[in-house]
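Let me begin by presenting the structure, written as structure tokens, before commenting on it.
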Amino acid sequence: MNVNSNQEDLLTVPHRLTASWREPAGVFVNRMLLAMRDKAELWAVKCPICERILFPPEIVCAMCKVRIEDKDENWVRLGNEGTVLKFYHVTGSREVDPSTGWHPKGQTFNPIGLIMPDGGNKWTVMAHVLEETDTSKLYDGIRVKAVWKKREERQGLMSDIKFWSIVEVEK
Amino acid sequence: MSAAAPEEILISERNFDSIFSYTAGTVRSKFLTEIRDNKKIVGTKCRRCNTVWVPARSTCVKCFESLKDFVEVSDRGTVTTYTVINVHQTFYPMNPPFVLAIIQLDGADTGFVHFIGETDPEDIKVGMRVSAVFKEDRKGSVLDIKYFKPI
Amino acid sequence: MAEKVAVIGVGQTPGKRSRKDVSEVELVNEAVRAALEDAELTINDIDVVIQGNMEFFEGTFYTDQWLVEGLGAYGKSGLKVNAAGDTGGTIFASGVSHAASGLFKTVLVVGFEKQDEGAYGGIGMRSEDSFFDIAGGSGRAIGAMWGTAVSVIDRKSATEELAAKVRVKEAKCGSRNPYSHLKLQLTEQDVLNSDIVIWPLRFLHICPTSVSSCAVIVAPEKEAKRLCRKPVWVKDYYCIHSGLQPRVGEPWLNLGAAYPTGPQFRWGVEQAAIALYKRNGIVNPRKQLDLIESYSPSTWHEIDYYEALKLCEPGEAWKLIEEEATWPDGDIPYDVSGGVVSTNAIGATGLHRVAETVIQIRGEGGERQVPKDVNLGLTFAQGADQFCTAAILCKTL
């Protein structure tokens, strides 16, 4: 028998890989998440040298290469409202089974906003879900407020905020 | 906001679940389809060093020759080493205890990993002769061989 | 560099959406044999084999072991490098540094990706920080690419119509490259009518997922001159994988260096270019470079990078497009291979860029050879969004 490159029966074997990891958040992010869960508060830290306000908080300022000390003066409380700097909306599926080409239909998602919460500065940007699905109602600079889940549903995750909804501006 | 008292530590679980599709390629497909369709085990033979590689592969590991010649090897062989698995893992196709062995099939220069069945693990010896037991319902997989039994 | 290093052989497989006829082992073997043939060497002439791919795409790990016979690596020195899209660049950098050390005679560098074996979406979706998962609506890599695209519009660097013009250029170049995956016959209207993914990103702007392998052989000066008639010299290279990366549900967006507050995708490219230009006395890249082979995962990235690479002033990429300066017969041909929007087999892509630059410098591009003499070429690979490895290749030392 010779190796026949016209061989028709070319086999592919599907295999499913599952794995799970358990990870901690780290000191500062843990505290930030506990504040979200227990008090519906948003906290960031500020680098004492370059004054970037970082959300989520980091223990080292990457730019200045200094530790941000765990002191009250380095923690910054952010407001419950913010400004959408930019937003985008993804439609269409992303998960495809390579063996069969199958993909789940009708994957629709809410738009995502890049939000600067009040009390932050130009380095404070949070990506989160916007409630408004009609993107014609959204624009750069629109004001939004965080809508939180009920206390018993909050777990210390970013999704403790359900979404950000438009703040109606008084005319 | 700085640390006042010992804090609860949050742990998050990250889950990965994705489907992959392994391509056997021309040579491995032939190896698998010969098992599936004809209950035959084939290897590839290197024209330069004469090594017979089982399962069949496309390039000689030793001399980098492209392997062009399939050779049929026997479905019987010799146990060169084995181990008994006692601990369960989700990805094992069998429940413990079971025996994994490296079997050199007659005609092959390499070992072939598979199970040994129809025998008590205590009775298995290095050097014993075994023979493949094929499944009735074969799909083109090395598991189309159920196990090797002593002869 | 301690030793001067040259590329003495290149081999590529044609990009395809799917290759059911070959396993991963056989795929890399094709590229390795092609490179050896190009260099007129045998596998026994190779001292070191450096390999790379993004293992999560195939779900097959330990590729340094899995592929050993296909690579011809059995018993040889070598290692594997895995750096997202910059894999092609980092394996090249690793190969060049092995050759530059003076400890090895010939180094074979092989990148590949067999993307018909995995679901990209699954991998992208499951690699963010699990505390920050915001229920799947985020764009992941496409979201990050959106940042670049919308910044081009906001800076007025180009309009959608000009982007369509660039896309048609990219498609024409891809059609003339036998190794290209996509060989599309596109009109500007086709591009403008293409489905919107995230405005202004359209389906046709975005790179495909491809299957291919690329192999490159490098050697230090003495060996290169002895073994090769047309060595192409690696003048310099620079790797940078150190952009800001705070932890959020959108790691691709690199918040803190994200649009609109920061440069995002272009950051690594810009830093690498600045470093290489400074070290090599390049003050006017448009004039001093003869060719660029880039890692532009979308048409909008190509346009953004005209400015990141300082081919023009910020906000003026449209001038280069209107003048067709980056066209194959222009001042500074950009991606005559068709670029990443024509073929993207992630682990191979960065290396395909090197291969094409080598081919153009040698004058062996055939139908797609640029009309001018190519002496100095800039090539780079990109990964995640901020990783970048850039290299300058030249015809004469």
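All of the numbers you see were taken from the coordinates with simple rules; none came from a lab. Everything numeric in this text was worked out from a predicted model, so none of it was measured. As a convention, Cβ positions derive from the backbone with ideal geometry for all residues, glycine included, and neighbour counts pool all protein chains shown.
Data overview
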{"read-out": "Once the Cα gyration tensor of the range C:272-397 is diagonalised, semi-axes √(5λ) in Å", "value": "18, 18, 16"}
{"read-out": "Residue-averaged beta-carbon neighbours from other chains (10 angstrom radius) around A:155-164", "value": "4"}
{"read-out": "Highest-fluctuation residue, C:LYS287, C:LYS165, C:LYS16 considered, GNM on chain C with Cα pairs under 10 Å", "value": "C:LYS287"}
{"read-out": "Positive minus negative residues near B:ARG47 (Lys, Arg vs Asp, Glu; Cβ under 9 Å)", "value": "+1"}
{"read-out": "Peptides C:43-49, B:4-10 ordered by average Cβ neighbours within 10 Å, highest first", "value": "C:43-49, B:4-10"}
{"read-out": "Cα Rg, Dmax (largest Cα-Cα span) when computed across the range C:1-74, Å", "value": "13.6, 44"}
{"read-out": "With 5 Å bins from 0: P(r) over the range A:11-58, alpha-carbon pairs, percent", "value": "5, 17, 17, 14, 12, 8, 6, 6, 6, 5, 4, 1, 0"}
{"read-out": "Relative contact order (%) - the range B:8-151, alpha-carbon pairs under 8 angstrom, separation at least six", "value": "20"}
{"read-out": "Within the range B:73-151, chymotrypsin sites (Phe, Trp or Tyr not before Pro) in DSSP loop having at most 14 other beta-carbon neighbours inside 10 Å", "value": "B:PHE91"}
{"read-out": "The range B:41-145: antiparallel DSSP beta bridges as a percent of all, rounded to 5", "value": "100"}
{"read-out": "Cα-based Rg and Dmax for the protein assembly as shown, where Dmax is the largest Cα-Cα distance (Å)", "value": "28.0, 92"}
{"read-out": "Largest-first principal axis extents, alpha carbons of the range A:27-166, Å", "value": "53, 37, 34"}
{"read-out": "Where N is the number of residues in chain C, Cα Rg divided by 2.2 N^0.38 Å", "value": "0.91"}
{"read-out": "Average Cα contact separation per residue, chain C, under 8 Å, 6 or more apart, as relative contact order %", "value": "26"}
{"read-out": "Filtered trypsin sites (Lys or Arg not before Pro), the range A:17-74: DSSP coil and at most 11 other beta carbons within 10 Å", "value": "A:LYS65"}
{"read-out": "With at most 13 other Cβ atoms within 10 Å, longest stretch of chain C clear of loop GluC sites (Glu not before Pro) (DSSP)", "value": "C:41-322"}
{"read-out": "Helix-derived mean residue ellipticity, 222 nm - over chain C, DSSP H n ≥ 4, -39500 (n - 2.57), to 500", "value": "-10500 deg cm²/dmol"}
{"read-out": "Test item: B:27-36 mean partner chain Cβ contacts at 10 Å", "value": "4"}
{"read-out": "Orientation-averaged projected area, Cα convex hull of the range B:101-151 (nm²)", "value": "3.9"}
{"read-out": "Acute angle (nearest 10 degrees) that the helix B:25-38 long axis makes with the longest principal axis of chain B, alpha-carbon atoms", "value": "70"}
{"read-out": "Pairs of alpha carbons in chain B whose separation is greater than 24 Å (percent)", "value": "46"}
{"read-out": "Qualifying chymotrypsin sites (Phe, Trp or Tyr not before Pro) for the range A:115-155 [loop in DSSP, other Cβ within 10 Å: at most 13]", "value": "A:TYR139"}
{"read-out": "Taking A:LEU157, C:LEU320 and counting other C-beta atoms within 10 Å, the order from fewest to most", "value": "A:LEU157, C:LEU320"}
